[in-house]
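Read-outs: derived from the displayed coordinates by stated rules, not from any lab. These numbers were taken from a predicted model, which means no experiment stands behind them. No Cβ is skipped: glycine too gets one built from the backbone with ideal geometry, and neighbour counts run over all protein chains shown.
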Amino acid sequence: MAEPDWLALAATGVVAALFAGLFLLRRRGAGFTLLTVVALVVGVAAGLLFQGHLAYVDVIGTIYINVITAFVAPLIIVSVLSSVTSLGSIAKLRTIGLSSVFWLLLTNLLAILLTLGLALATGVGRGAQLELSGVDGGSLTGLLRPLDQVIVGLFPSNLSNDLGANNLIGLILFTILIAVSYLLVADRKPEKVRAFKDVVDASRRVFFKAVGFIIALTPYAVLALVASTTSTAVARLETAASLLGVLVVALVACFVDAYLVNGVLVRVFADLNPFRFFRLITPPQYTAFTTQSSIGTLPLTIATLTRRVGVSPEVAGFTAPIGTTIGMPGCAGIWPTLVAVFSVHALGIQYTPLDYVVLVVLGLLVSLGTAGVPGTAIITATAVLTAVGLPIEVLVLLIPISAVAGTASTMANVTAAATASAIVARRAGALDDEVFAGRREVADDGDRDTAADPATAAASAASTRRLDGPTSEGLAR
């Protein structure tokens, strides 16, 4: 009989005690953001302390990811249906849809250009001694699909399979088709489809309430997930110390893109205070960092945008889901670009300005239909390297680094989706500054709730000031 792993049991006990501490903090009035930050910090400490002995803790994080991922496809269908049917016209759908795609692709383009500049300026890969002769890239080649199969795969074919595989592009297209059909019928005979709209709205309320229960567990999941991620990352770094320069550039690019680039966009185009904006979206950012899944973080992203940032449910329920398949600056922009430049420098390949232009264009193209799940960066990088004729064997050597960089890449993806949602909402007149400033509360189903009396409103504002900083209108805007 195998001896029990006493350190794994001890790690589980420590994590359980930390869970109890988070629960007590919550009972004492600590806000969601504070709980998430505390969970992140103590999770890192637990990962370092019990490195290699977190098997039981891994189970907790895996269960959370599985449960919240199970809600993704139904939530997307309900959110997109509710969003489009609430717009009232196809003209509004066209405006919000095109605006969403534009801003999501723009965030990716800016990330690609930022990474290209950093990689060329630092000369990442120069002097690297790469030995590719014994490296097998066949497994990565198998990830690629012919262009015709990629295009066909974007469209729905079997809804049950699409639901099971979280084929979001297919589900979104099918849902938009149904919603557009509703708008056309409602424009002529609204009484005939009123029941359909009632069912959609009721379903949205029920799903948001159910997701709310799961989201309340996020700080505990973050603690377990970041402990496991830290333990794994440390182990992988020990085997890839010679490639730390690539990792540093990747992390710098991700954080600069997430906070500086998106901060400027939020300030200029959404007319919001970026410091408060980032405080409000901290929970989905940190959840994305630990889960490495934009799709898994989607329910929390939508809830945060509607309840805290003030984005209307119509925009949040449309733009954020699309942001898990289009744009994706971390996985489809930063990592493929960095790997390509690293390969060029390390192998001494002569690259012309035109070659770099082609690289930028390909980075944008691979972001169309990208899946927001762990490991996506490897697939997109494989596609880019193959398209520009660079050896994909380099990716095999960089896999330990890509696994670590994936944390920051996913955080950058979610931040860009939230930024695009805020900008689209502002330009569509669908952003509530009172909610953003903390002066108006939002119910679990995304509907705005005005405080019943001035005293309640003052208490709510005071609570927001205590947890998230000043809420004066000047700072909020």
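Remarks
- Three-way shape call for region 53-112 based on the alpha-carbon gyration tensor, with the a/c threshold at 1.5: oblate
- Highest mean first, the peptides 409-416, 82-89, 187-194 sorted by other C-beta atoms within 10 Å per residue fall in the order 409-416, 82-89, 187-194.
- Highest mean packing first, where packing is the average number of other Cβ atoms within 10 Å per residue, the peptides 18-31, 354-367 line up as 354-367, 18-31.
- Amide proton proximity set for Val442, modelled H, under 5 Å, gap of 5+: Asp449
- In Hz, Karplus ³J(HN,Hα) per residue of region 29-45 (6.51, -1.76, 1.60; θ = phi - 60°; x = Gly, Pro): x, 5, x, 4, 5, 4, 4, 5, 5, 4, 4, 4, 5, 5, x, 4, 4
- 3J(HN,Hα) along region 94-104, derived from phi through the Karplus expression 6.51 cos²θ - 1.76 cosθ + 1.60 where θ = phi - 60°, amounts to 4, 5, 5, x, 5, 5, 4, 4, 4, 6, 5 Hz, with x in place of Gly and Pro.
- Here's how it looks for Phe71: its modeled amide H is under 5 Å from none belonging to a residue 5 or more places away or on a different chain.
- Region 410-427 - phi-based ³J(HN,Hα) in whole Hz, Karplus 6.51/-1.76/1.60, Gly and Pro as x: 5, 4, 5, 4, 5, 4, 5, 5, 5, 4, 4, 4, 5, 5, 4, 5, 4, 5
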